[in-house]
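Worksheet for the structure shown next.
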């Protein structure tokens, strides 16, 4: 008798009642080894092996139960086979990037916040950025075979010496040959460059962008993002932030390149923060194409501005007599006040107060809204009226799926301690009027 070691990611965690899997005798806890001889290692493999099957098809499923191997023929139903495999277990990053935000976290936060992921599967599924530094040959063959496209690649620099220095490791494969392999396999990719002054700016940045443009049209986008620094950098390499002169210089260079090179015009974009640091106008909607780097902070401000400009009074509820308190980050507060505050007051009739607290968890240099802690919000709301007419609105994505802030304060605890109704703004700014109507009922 031969026994096999378990592999968690191919284990069945749910079988739909009455499904083909259920009727065939498969059970929760069984491990899927193959489908018609095609090896299964995780849920992505399962999806690729079964997504093209049709009602009435019969497949042979190889599985392990109790350490023994079995085979069963399963007839595919109208709704598929009826199996859900275990979630992917994220692969960890072993790089020691000089700018890594995880290394700049204060001690004592929940363990999950210290996880550094470097998993090509998460890049394909969720748009997580990876450096391509931990891929095995089997990984590469799988990417090529399954056409896992697009991927999201943290490039930072195409000069190998500079990139090794930035990633904090000498064991870094040449990025250009890796991108060439993706291109040859028909895999498209989005890229990001975290701009660290005196590391990868100037000539290094110009070379990096020029090298990347050679991969167009497989190169889908380039986002240049300023490095984020907290006050917790003890024993870490010295890094200075992007200053106004840096931002102005990079903005001028990138616009010049976009004007001269159609490829750059199609793919090269700067994070909103560059324009805010420089005190320059946010580019028009046409600059962002289809917003390929929105979640990277590229185009969020323009999206908000245009949405606010299109607000109509009849879409907003009457909130006369109510106090509307909006919590946001220091970097966004001026934009909120300039483009939305007067309209909100006019359309709702509410008394509006915009509060941008300093970040006590990461330090004054961190000014984005979704990195505020529960304590920051509690302090901001400490002087609010508790007369039943005050409503507080938090930034989207400030809470995790369990309703916790970064410092593990729960939204329920915050509501209880402040005695103020608290709501989280919608992810999509276009739904803000609808959101206010719902909470006003």
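Nothing in this text is a laboratory measurement; each read-out follows from the coordinates by a stated rule. Predicted, not measured: the structure shown is a model, and the values here were computed from it. Virtual Cβ from ideal backbone geometry, glycine too; neighbours counted across all protein chains shown.
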Next item on the list: In square nanometres and to one decimal, what's the mean projected area of the convex hull around the Cα atoms of the range 334-381?
Entry: 3.8
Next item on the list: Starting from the Cα gyration tensor of the range 26-128, take the square roots of the eigenvalues, sort them a ≥ b ≥ c, and report rounded, prolate or oblate (rounded when a/c is under 1.5, otherwise prolate if a/b is larger than b/c, else oblate).
Entry: prolate
Item checked: Spin-label pair residue 386/residue 86, simplified geometry with 7 Å Cα→Cβ offset, distance in nm -> 4.7
Note to self: Over the chain, what is the relative contact order in percent, taking alpha-carbon pairs closer than 8 angstrom and at least six residues apart?
What the structure shows: 9
Margin query: Taking every alpha carbon pair in the range 83-217, what does the distance histogram look like in 5 angstrom bins from 0, in percent?
Written below: 2, 9, 19, 22, 20, 15, 8, 4, 1, 0, 0
Next item on the list: For residue 434 and residue 68, calculate 0.36 nm times their separation in residues minus their Cα-Cα distance, and state this gained length in nm to one decimal.
Entry: 126.2 nm
Note to self: Given points 7 Å out from each Cα along the Cα-Cβ axis, report the residue 353 to residue 184 separation in nanometres with one decimal.
What the structure shows: 6.3
Note to self: Between the range 384-415 and the range 107-163, how far is it from one alpha carbon centroid to the other, in angstrom?
What the structure shows: 33
Notebook entry, point to check: Of all DSSP beta bridges in the chain, what percent run antiparallel (nearest 5)?
Noted result: 45
Next item on the list: Rounded, prolate or oblate: pick one for the range 56-109, where a ≥ b ≥ c are the square roots of the eigenvalues of its C-alpha gyration tensor, a/c under 1.5 means rounded, and failing that, prolate if a/b is larger than b/c, else oblate.
Entry: prolate
Next item on the list: Rank these for me by crowding, 418, 390, going from fewest to most other beta carbons within 10 Å.
Entry: 418, 390
Notebook entry, point to check: Let a ≥ b ≥ c be the square roots of the eigenvalues of the Cα gyration tensor of the range 8-85; is it rounded (a/c under 1.5), or, if not, prolate (a/b larger than b/c) or oblate?
Noted result: rounded
Notebook entry, point to check: Under a point spin-label approximation (7 Å from Cα along Cα-to-Cβ), what is the residue 287-residue 36 distance to one decimal in nm?
Noted result: 5.0
Next item on the list: Would you mind listing how long the chain runs along its three principal axes, going by Cα atoms, in whole Å with the largest first?
Entry: 73, 55, 44
Item checked: For 248, 366, 115, 194, order by how many other beta-carbon atoms lie within 10 Å, fewest first -> 115, 248, 366, 194
Notebook entry, point to check: 222 nm [θ] for the chain, helices only, -39500 (n - 2.57) per DSSP H run of 4+, per residue, to 500?
Noted result: -8500 deg cm²/dmol
Item checked: Full-stretch length increase - residue 346, residue 260 - with 0.36 nm per residue and alpha-carbon distance subtracted -> 26.5 nm
Check: Along the principal axes of its C-alpha atoms, what lengths does the range 304-344 span, in descending order and rounded to whole Å?
Finding: 29, 23, 11
Next item on the list: Measure nothing fancy, just the Cα-based angle from helix 300-309's long axis to the longest principal axis of the chain, in degrees from 0 to 90, nearest 10.
Entry: 60
Next item on the list: Using only the alpha carbons, work out the radius of gyration and Dmax of the range 306-439 in angstrom.
Entry: 14.3, 41
Check: Given the convex hull over the Cα atoms of the range 102-297, what projected area results after averaging over all orientations, in nm²?
Finding: 11.8
Note to self: So if the hydrodynamic radius of the range 248-386 is defined as the Kirkwood radius over C-alpha pairs, what does Stokes-Einstein give as its diffusion coefficient at 25 °C and 0.890 mPa s, in µm² per second?
What the structure shows: 144
Note to self: For a quick check: sort 404, 167 by the number of other beta carbons within 10 angstrom, fewest at the front.
What the structure shows: 404, 167
